[in-house]
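Shown next, in C-alpha cells, is the structure this report addresses.
The values are calculated or read from the model by the stated rules, or taken from the named source; none is laboratory data. Bear in mind that the values here come from a model prediction, so they are computed numbers and not experimental data. Cβ: placed from backbone, ideal geometry, glycine included. Neighbour counts: every protein chain shown. To get the accessible areas, we keep the full protein, side chains included, count just its heavy atoms, and leave off ligands, DNA and RNA. Shrake-Rupley method; radii C 1.70, N 1.55, O 1.52, S 1.80 Å.
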Amino acid sequence: MYPNIIGNWVYFLTKPVLVSTINNDLTIMKKITICLLMLLPFVGFSQKKVNGTIYIEHPALGVVDAFTKALVKGDTTAMAKLMTDDFRAYNPVTSSRFDKGESKSNFLQTARVWFEGLNYFSIESAEGAYPDAFEYTKDPSDNNAVTVDSWDILKGVHKKTGVKADMYVHRSFTLTKANKIRRLANYINPEFGNEIRRGYSERKNGIIYNQHENINSLRLMMAAAEYLDTDKYYSFFDENATYTDINNPSEEPITIDELKENNKKFLEAFEIVQIEQIGYPDYMEYEMGGTGVLYSWWDFHVIRKSDKKEITVPFHYQHNVNKEGKIVHTIVYYNNALFK
C-alpha cells in the first residue's frame, strides 16, 4: 500500500487544483493521514525488545551497600566474604582490553591502603543518584546473574601529602545468583593517585627572579599609571588580556576595554599622589605549563576629590605574562572599603 499512498500524495500536490475537486482531495488526504498515523506506533514499537528488569530494591543492592561500608571502614574481612574467589576488578579508564584485572587478594590490599592512607574517607551516592540492580534476560548465568550500577562521590584527604579527593566515581558490580561480587568495573580518575605519588618526592617547578626584564616592565607600567600615561600603561597588556578584581561581586574577569572604563571612573573620583612599591616584585617562571607570574605589593596614595581626604590603600597584584612578556591576566587584591 505504500506506493499507492505516495502516489496519492504526489498526485494531490502536483495536479491542477480545481474548485470542484478540492473537497474530494481533502477527504483523500484525511484518510491517508489517518492511515499513516495508525502505522507509526507499529513501526516504532516493533524495534523494541525487553532484555531484563531494573530494580530499585534487590538483595544485590544490599550486598553492594555492605561492601562499600566495609571498604570505607577498612574491614577487608567483611569485604572478602562478599566476593567470589575468582573476583576481578578493573578501572576501564586506564585498562586495556587485554588487562586481566586485579585479583581478590590484591584488591583487598589496595582497599586497606585506601583506608590507612586517607583521612575523612567516604563513598556516598552522588546528589540525586541511587544504585540500580539489573537482571538481564539474555544468556543469564550463575556467574553473571545481576549487575549493580552506582554513581558515587569519593572524598578523602591523603594523610602524608594532603592531596584531597572530592570526585565522581562510577562503579559497576557483577554478582552471582548467590549474591557474591564477581566483577567490579571501577571508573575512577587516576590523577588523584598520580598526584599522591608526586607528593612523595621533591621537584623544582621553575625559577624565582627578583631582577628580570618582566619586573622592569612591571615597574615601568606602574610608573605610567602614577603619571597618568595611559597609552604606555595599556601597552604592557596583551590585546586579549583579562582582569579580575576580588571586589567585583560577579567574580568574572573583565576585558581591557572594561578596565579602561573602570579606571576612567576611578580617576574622576580620585587623584593619584603616588604609587609606592612595597618590598620588591617577584617573577616566577614556572616549568609546569610554561607560564610566568609577577607578584608585587604597592601602596596607593590618593586624594578623594569630593572631600580632599588623603587615603592610602595597600594593593597586591598577580600578573600572568606570556612568552613575549605581555600581561594576559591580572588578579588584584585590596580592600575597596578603604576608598569609601
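Structure notes:
- Filtering segment 239-272 to residues that are open to solvent by less than 80 Å² (accessible area, probe 1.4 Å) and assigned to a strand (DSSP E or B) leaves 241, 242, 243, 244, 245, 254, 255, 270, 272.
- The residues of segment 136-158 that are modelled with pLDDT under 95 and open to solvent by 70 Å² or more (accessible area, probe 1.4 Å), listed by number, are 136, 137, 138, 139, 140, 142, 144.
- Residues of segment 281-340 classified as farther than 18 Å from residue 236 by Cβ and polar (S, T, N, Q), total: 4
- Filtered by the rule that a residue be in a strand (DSSP E or B) and β-branched (Val, Ile, Thr), segment 136-155 gives 146, 147, 148, 153.
- Where residue 229 falls short, out of the listed (1) modelled with pLDDT of 95 or more; (2) within 21 Å of residue 331 (Cβ to Cβ): (2)
- If the condition is being among the charged types (D, E, K, R) and either within 23 Å of residue 161 (Cα to Cα) or at pLDDT below 95 (or both), then segment 114-126 contributes only 116.
- Enumeration of residues in segment 61-100 that are farther than 16 Å from residue 180 by Cα, small (Gly, Ala, Ser), surrounded by 13 or more Cβ atoms within 10 Å (Cβ to Cβ) and without any contact (Cβ under 8 Å) to a residue 40 or more places away in the chain: 95
- Of the residues making up segment 290-340, just one is in contact with a strand residue (DSSP E or B) (Cβ under 8 Å, 6 or more places away or on another chain), assigned to a helix (DSSP H, G or I) and free of Cβ contacts under 8 Å to residues at least 60 places away in the same chain, namely 338.
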